Amino acid sequence: MKAIILGAGQGKRLLPLTAETPKCALILNGKTVVEWQIDELLKSGIDDIVVVTGFGTDKVEKLLAQRYDGDRVRTVYNPFYQLADNLATCWVVRNEMAEDFLLLNGDTLFDTSVLKRLLTAKPQPITVTIDKKASYDDDDMKVVLDGERLARIGKDLPLDKVDAESIGMLLFRGAGTALFQKTIEQVLRTPEGTRRWYLSVINELAQTTPIATCCIAGSPWAEVDFPADLKHAEDVVKGIAGNLRKAESD
């Protein structure tokens with residue numbers, strides 16, 4: 001299994017914290033966001049990891065080179081990170097999508113229980129990882145379900161129709177890898193392609209192709225978009241660190 005982390009963005013909504021440091025390199029409880037991600041992936045047996053860099057690429061590349069074996073953790077630079085949205089970031093690493101892979105937003109924090117539930121779910125060509133809560137806000141990547149199948153995904157869905165939110169982690173297997181590659185290529189040939197999010201492509205595919213979901217309700221995770229998110233993110237990674245210490249003592 002391969003993991004692709006989309007870490008090219010600056011994270012302007014976190015300014016001034018990200019004035020010179022990309023979001024994925026912000027430090028939480030002693031480690032950067034991307035280190036927390038990679039360490040959990042490695043603990044789960046995923047040891048082929050590609051991090052797509054952009055803003056502050058030198059800092060991220062140096063950080064990863066100091067901590068990880070280059071055969072297990074590699075970087076790919078996205079020169080278009082200032083000009084296009086994250087669908088183009090996926091295009092930059094499309095050749096890395098020739099086998100089953102996990103696609104992960106560069107600001108999604110999680111522990112191994114999230115990965116275990118996703119990786120042990122019934123294999124499907126495309127699976128979107130979701131969580132459920134009592135209410136949703138404008139910035140949530142909202143999900144409408146048809147049973148356990150994805151019906152729609154996007155930020156602008158009617159709140160009275162929303163069933164869950166995407167946590168920014170997708171799993172592609174078998175035919176799903178080639179389908180996603182092909183669709184990326186097609187969409188980026190259109191005039192608006194560089195302004196598209198990759199999840200808008202997943203939304204379109206869901207209208208013609210069965211796309212599965214995996215609900216990880218109860219497992220700890222966080223995303224880091226705004227300064228207000230940092231407290232919850234800190235709590236999540238402190239829990240991960242605590243679990244690691246307990247495992248080591250046992």
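Structure notes:
- The single residue among G9, G45 that is closer than 29 Å to C215 by Cα, out of contact with any strand residue (DSSP E or B) (no Cβ under 8 Å at 6 or more places or on another chain) and assigned to a loop (DSSP other than H, G, I, E, B) turns out to be G45.
- The requirement of being closer than 21 Å to L199 by Cβ, outside any loop (DSSP other than H, G, I, E, B) and at pLDDT 95 or above is fulfilled somewhere in segment 25-34, by at least one residue.
- Top-ranked residue in segment 171-204 [being in contact (Cβ under 8 Å) with a residue 24 or more places away in the chain and hydroxyl-bearing (S, T, Y); ranked as nearest to K116 (Cα to Cα)]: T177
Conditions (1) hydrophobic (A, V, I, L, M, F, W, C); (2) in a helix (DSSP H, G or I), marked per residue:
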position: G70; (1), (2): no, no
position: Y81; (1), (2): no, no
position: A84; (1), (2): yes, no
position: L87; (1), (2): yes, yes
position: E96; (1), (2): no, yes
position: A121; (1), (2): yes, no
position: D138; (1), (2): no, no
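- Scan segment 36-65 for residues that are over 17 Å from I240 (Cα atoms) and in contact (Cβ under 8 Å) with a residue 60 or more places away in the chain and the total you get is 1.
- Residue match in segment 172-180 (condition: surrounded by fewer than 19 Cβ atoms within 10 Å (Cβ to Cβ), over 30 Å from A19 (Cβ atoms), modelled with pLDDT of 95 or more and basic (K, R)): yes
- Selection count where residues are modelled with pLDDT of 95 or more, among the aliphatic types (A, V, I, L, M) and over 24 Å from A3 (Cα atoms), scope segment 158-171: 1
- Search result, residues across segment 46-55 that are surrounded by fewer than 20 Cβ atoms within 10 Å (Cβ to Cβ) and either modelled with pLDDT of 95 or more or under 15 Å from the mean Cα position of the chain (by Cα) (or both): I46, D48, V50
- Strands (runs of 3 or more DSSP E) enclosed by segment 162-250 - at least 2 residues per element that are closer than 22 Å to L145 by Cβ and hydrophobic (A, V, I, L, M, F, W, C): 164-172, 212-215
- Residue identified as closer than 24 Å to W36 by Cα, at pLDDT 95 or above and touching a strand residue (DSSP E or B) at 6+ places or on another chain (Cβ under 9 Å) among L150, L102: L102
The values are calculated or read from the model by the stated rules, or taken from the named source; none is laboratory data. All values reported here derive from a predicted model rather than from experimental measurement. No Cβ is skipped: glycine too gets one built from the backbone with ideal geometry, and neighbour counts run over all protein chains shown.
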